[in-house]
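Below you'll find the structure, written out as structure tokens, and then a few comments.
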Amino acid sequence: MKVTLCTSPHLDRSPLFDGRERYSDCPPMAQTFVPMGLLSLAGSVANMDVKAQIFDVNKQINAGAVPLNRELYTCSAELILSDAPDVIGFMTECDSFHHVVRICSAIKTRAPATVIVLGCVHASYNATHILQRYPFIDYIVREEGEVAFPQLLEAIAGQRTLAAVGNLSYRDDGQVRSAPALPLIPDLDTLPLPDMSLVTLQPADSVWIEIGRGCPFKCNFCVTAPYWSRRHRIKSPQRILSELEFFRDSYGRRDFNFTHDLFTTDRRWVLKFCSALADADLGVTWTCSSRTDTLDEEQLAAMAKAGCRDIYFGVEAGTAEVQSAIDKGLSLTEARQIITLCHRYGVSTTIGFIAGLPSETQETLTGTLKEAASYLRMNRTIVHLFGFGPYRGSSSFARIEKDLVPEVQFVDFPLDKQTDAENRALIQSHRDIFARYSRLARHQDTGFHAILEVAEEYFPILNSVPHITAYLMEAGVDPYEQLYCWAQWLLRSRNSKCPRPYHAHLGSIDDFLDFVETFSKSRELGGDRFEDLLKWERLKQLFRAGAPDTRLSSDEVVSSGSSEIRLNPTVRLEHFRHAPGIEKDSHDQSSISFAFLRRRNGSAEIVRVGVLATAIMEIAHQVHDVGQLTPALEDLMTSASIPEQHRENSVSKTFEQLVASEIIFVS
Ligand code: B12
Ligand code: SF4
């Protein structure tokens with residue numbers, strides 16, 4: 001039997017989050033990742049008479065083999081069918097489900113006998129609705145797939161009945177039936193290692209190593225904890241180490257994301273794992289997810305030592321009232337302490353908040369905005385503010401379902417107008433399945449409806465201009481009012497020019513800077529410092545876009561390979577006095593330069609460059625042959641002017657690491 005397992009299309013939102021341009025103006029891109037769930041399924045049928053393969057629609061989009069126009073669906077269907085599979089399986093996520101539906105429909109039209117199966121979170125929770133609505137989808141395997149999927153293939157081969165396939169939803173005589181749930185796999189170490197020969201790993205692919213399943217908490221907006229029955233399971237340290245080693249040795253990968261909804265569920269396991277990982281000295285870095293009330297200093301120290309570089313914390317809400325309403329119950333003071341501690345251990349943080357939760361009022365949203373914005377002032381922190389998405393499967397869904405109204409302002413692949421309109425019509429007409437694109441009716445008539453529409457795209461912009469954000473906070477601007485005025489400004493200035501009304505909520509950083517200028521003038525908040533910061537942010541934007549007129553006469557441009565640094569000795573330190581670390585600076589201030597730094601992904605930042613990095617960049621600027629760099633650096637390192645702590649292992653460090661060690665990000 002031939003089985004093809006397919007990824008779902010995944011829009012790459014990073015151009016939007018980088019704030020580079022309006023999304024609709026960006027080159028269309030799909031985000032690629034190693035589909036660990038599909039690889040695990042392929043592994044589970046390896047001992048059967050089955051030839052499994054993976055079709056990655058995202059890679060096909062990026063390679064131009066699948067166009068981003070109305071042929072997206074027919075072309076994907078034809079490519080998938082080119083190997084004449086007997087069974088086609090799709091992973092599903094709420095955001096891309098309309099694309100999956102249309103690809104499946106195109107497949108069934110061309111090959112009616114081919115069996116189509118869906119799995120993963122979205123299909124599992126919407127199984128009955130999907131099977132009732134779409135006749136071209138044959139089966140849905142709910143939740144954990146490694147035992148159920150082989151059973152389904154046996155049933156398709158006539159070796160067992162459908163009713164005897166655990167976790168299966170299927171049609172029987174026009175009725176949708178759901179077989180009982182299978183017990184969870186007790187020991188995840190028994191799962192096969194991902195068979196990477198089924199995919200082509202490309203440098204841009206994100207690698208998520210699955211270390212375990214199941215968070216025991218019960219936040220009532222969450223779908224992933226109930227998906228794994230809220231039962232915490234985790235692989236052994238040895239098993240995870242062998243997976244890391246495999247990716248490092250076979251693919252040169254040294255940076256990983258760990259997939260587990262709550263890495264720090266079991267404190268003893270964390271300490272044991274981190275100690276094993278540090279001892280193994282694999283030289284890898286990694287990220288994970290945690291809750292601030294499950295992390296302490298001892299774990300954090302062990303995690304930092306073992307290579308943890310970033311932790312995602314869902315803080316979600318900025319008031320005790322909403323913390324309790326969502327059954328999360330985090331102490332905001334404790335959260336701040338733990339996040340600050342992470343930074344002290346050199347671990348960056350990504351912090352998620354949600355706007356528009358069911359119990360939200362103007363007051364609580366103001367609290368969340370204040371809390372979220374205050375984290376922007378910390379170095380090593382990215383803050384996200386997501387608009388609340390109601391997910392079927394979360395424990396609060398049944399309570400709010402009748403209250404939902406359509407949300408039309410969302411970002412999708414930049415498809416042609418007609419296909420996009422068809423997709424939006426599909427979503428609107430099947431609202432039970434696409435509940436994620438909804439808002440609560442009770443928020444419709446309040447002032448913050450407009451806010452919720454722009455909220456999701458707001459923080460990527462604030463992350464890009466933190467000095468302006470800090471300035472406005474210091475000036476005492478109410479964050480709710482600021483966001484409300486931004487929403488109004490966008491609607492006024494973009495509505496008329498925006499060819500697609502549902503993109504009217506997308507503003508660029510340049511738009512935001514224009515808005516801030518008007519906003520601050522109308523409130524008499526300006527001043528020399530504000531004008532300078534604004535000028536700097538505008539220059540940074542021009543620099544980001546590569547415009548030639550950002551080059552000031554005093555600039556010195558140095559390229560370190562992956563990034564370009566443009567020194568500008570004219571920038572005044574006092575402009576950045578609010579940035580963490582600046583006041584405590586022990587350097588002679590005259591030896592510090594400020595610079596623009598362009599990252600490989602095109603984003604730009606303002607950085608403070610210390611004395612050593614300035615010296616290194618000067619040398620690098622003089623030598624054009626990399627071979628000459630090492631002796632020059634050695635001379636520099638052994639010279640008395642270099643502080644002791646930099647001398648120790650500097651010579652063995654790369655140029656980039658040396659420069660990085662002396663650069664402090666102020667933006
Ligand atoms: C890693 C991850 C990502 C990675 C990699 C994607 C991936 N799925 O591999 C990236 C960053 C790319 C990503 C992106 C997104 N993600 Co994500 N992601 C996850 C995460 C944390 C782990 C997924 C994982 O690898 N699990 C481990 C593997 C082994 O499990 P699995 O993939 O679920 O597969 C098992 C079963 O589900 C089933 N199964 C899966 N596919 C199939 C297919 C068939 C045919 C069958 C029979 C069975 C089956 O069998 C597998 C083995 O048991 C989950 C949360 C979670 N803990 O599950 C969220 C999660 C799946 N993501 C989510 C979301 C919302 C998104 C995005 C929409 C975010 C965004 N706005 O951009 C995108 C959408 C991507 C897309 N294609 O549309 C939501 C989905 C909610 C929903 N109701 O649909 C989740 C649940 C997180 C959450 N918010 O709670 N994601
Ligand atoms: S939101 Fe996070 S902590 Fe809460 S139940 Fe879900 S996975 Fe667990």
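Among Ser275, Ser520, Ser464, rank each residue by its count of other Cβ atoms within 10 Å, from fewest to most, as a rough exposure measure.
Ser275, Ser520, Ser464
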Seminar exercise, completed: In region 411-440, the trypsin sites (Lys or Arg not before Pro) that sit in a DSSP loop and have at most 16 other Cβ atoms within 10 Å of their own Cβ are Arg431
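Would you calculate the volume per residue, in Å³, of the smallest convex hull containing every Cα atom of region 61-159?
Details: hull volume 11.2 nm³, N = 99.
Cα-based convex hull of region 61-159, divided per residue, equals 113 Å³.
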Seminar exercise, completed: Expressed in µm² per second, the diffusion coefficient of region 200-308 from the Stokes-Einstein equation, with Rh the Kirkwood radius over alpha carbon pairs, at 4 °C and 1.567 mPa s, is 89
For this session: Mind pulling up the Rg/Rh value for region 207-387? Radius of gyration and Kirkwood radius, both on Cα.
Result: 0.98
Seminar exercise, completed: For region 115-123, Karplus-derived ³J(HN,Hα) couplings (6.51, -1.76, 1.60; θ = phi - 60°; whole Hz; x for glycine and proline) come out as 7, 10, 10, 10, x, 5, 4, 5, 5
Exercise. Between Ile354 and residues 5 or more places away or on another chain, which pairs have amide H atoms under 5 Å apart, with H built 1.01 Å from N, and which residues are they?
Worked result: Glu316, Ala317, Phe386
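Local charge sum around Phe33 (other residues, Cβ-Cβ under 11 Å, Lys/Arg +1, Asp/Glu -1)?
Working: positive: Lys59; negative: Asp12, Asp56, Asp205.
That sum, taken over residues with Cβ under 11 Å, equals -2.
Quick one: which of Lys59/Lys370; Lys235/Lys328; Lys59/Lys272; Lys370/Lys417 span more than 28 angstrom between C-alpha atoms? Numbers along the way, then the final one.
Details: Lys59/Lys370 40 Å; Lys235/Lys328 26 Å; Lys59/Lys272 38 Å; Lys370/Lys417 38 Å.
Where the Cα-Cα span goes over 28 Å, the pairs concerned are Lys59/Lys370; Lys59/Lys272; Lys370/Lys417.
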Seminar exercise, completed: region 2-178, Kirkwood Rh and Cα Rg, ratio Rg/Rh at 0.98
Seminar exercise, completed: Given backbone amide H placed at 1.01 Å from N, residues whose amide H is under 5 Å from that of Leu404, ignoring those fewer than 5 places away on the same chain, are Ala441
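Neighbouring Cβ atoms within 10 Å as the yardstick, rank Leu79, Leu72 fewest first.
Going from least to most buried by this count: Leu79, Leu72.
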Seminar exercise, completed: The distance between the Cα centres of region 213-271 and region 144-158, in whole Å, is 26
For this session: Could you please report the charge total around Phe97, scoring K, R as +1 and D, E as -1 over all other residues with beta-carbon less than 14 angstrom from its beta-carbon?
Result: +2
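Bear in mind that the values in this text are calculations on the coordinates, not laboratory data. Computed from a prediction, not measured in an experiment: that's the story for all the values here. Glycine gets a Cβ as well: all are built from the backbone with ideal geometry, and neighbour counts include every protein chain shown.
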